[in-house]
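The values are calculated or read from the model by the stated rules, or taken from the named source; none is laboratory data. Being a predicted model, the structure only gives us computed values, none of them experimental. Glycine also receives a Cβ, built like all others from the backbone with ideal geometry; neighbour counts cover every protein chain displayed.
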Amino acid sequence: MSFSIDPDPLRFRGPGGQLTIDPADVLTQQLAMLITGECSDRPVAEVAARFGYSRQRYYQLLAAFRKGGAQALQPKPTGPKSDHRRTPEVIRRVISQRFLDPDCSSEVITQKLVQKNFPISQRSVERIIADFGLQKKTLRT
C-alpha cells in the first residue's frame, strides 16, 4: 500500500485515489506537514521547507499539536490582546479633559497626557473621543 502527501498543491494520494486540499486551508496544510515529517524518513528541515515553514516553526507546531491536538493548530488573531495604551485611567482623563474644555482638540489632550507620563497617540485619543460620542458638533449652514 502506497500513500503520499504532495505539498504543492496539497494532495493526499493513496491506492484508492486522491484528495486535493484548498491552499487557503492552513490547518490541513500544517497537519499534513506534521504527518509527513513524523511518518516519513525525510529530514524535518526538508519537509518543513516543502510546506513553506522553517524547521523551528515545524517544531513549534508539533509541540502545539502534541499538547492540544488539531485545535491547537488553528490560526489565532495577531496583534495586541488588550488596549494597553487606552487604560481605564487614560480614558477617564480624556473624558474629563473633554468635559472641562469642550473646545480642546485631541492634539492638545494628547500633549497633556504625554506630559503627565501617559504614553498615548493622538489617534488613540481620537478613538476614545469617538467611542464615547464626545466629538464636537459642527454647525450646518
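Figures for the structure shown
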{"quantity": "Hey, LEU31 in contact (Cβ under 8 Å) with a residue 40 or more places away in the chain, surrounded by 11 or more Cβ atoms within 10 Å (Cβ to Cβ) and not hydroxyl-bearing (Ser, Thr, Tyr) or not", "calculated": "yes"}
{"quantity": "Pairs, first within 13 Å of SER4 (Cβ to Cβ) and in the same structural domain as PHE65 (by TED's automatic domain parsing) in the range 15-27, second assigned to a loop (DSSP other than H, G, I, E, B) and of a type in the set (Phe, Trp, Tyr), C-beta under 9 Å, six or more apart", "calculated": "PRO15/PHE3"}
{"quantity": "Test: ARG98 is farther than 30 Å from GLN29 by Cβ, in contact (Cβ under 8 Å) with a residue 40 or more places away in the chain and either in contact with an Asp or Glu (Cβ under 7 Å, 6 or more places away or on another chain) or surrounded by 11 or more Cβ atoms within 10 Å (Cβ to Cβ) (or both)", "calculated": "no"}
{"quantity": "Those residues of the range 65-88 which are exposed (fewer than 10 other Cβ atoms within 10 Å of the Cβ) and modelled with pLDDT of 95 or more, in sequence order", "calculated": "LYS67"}
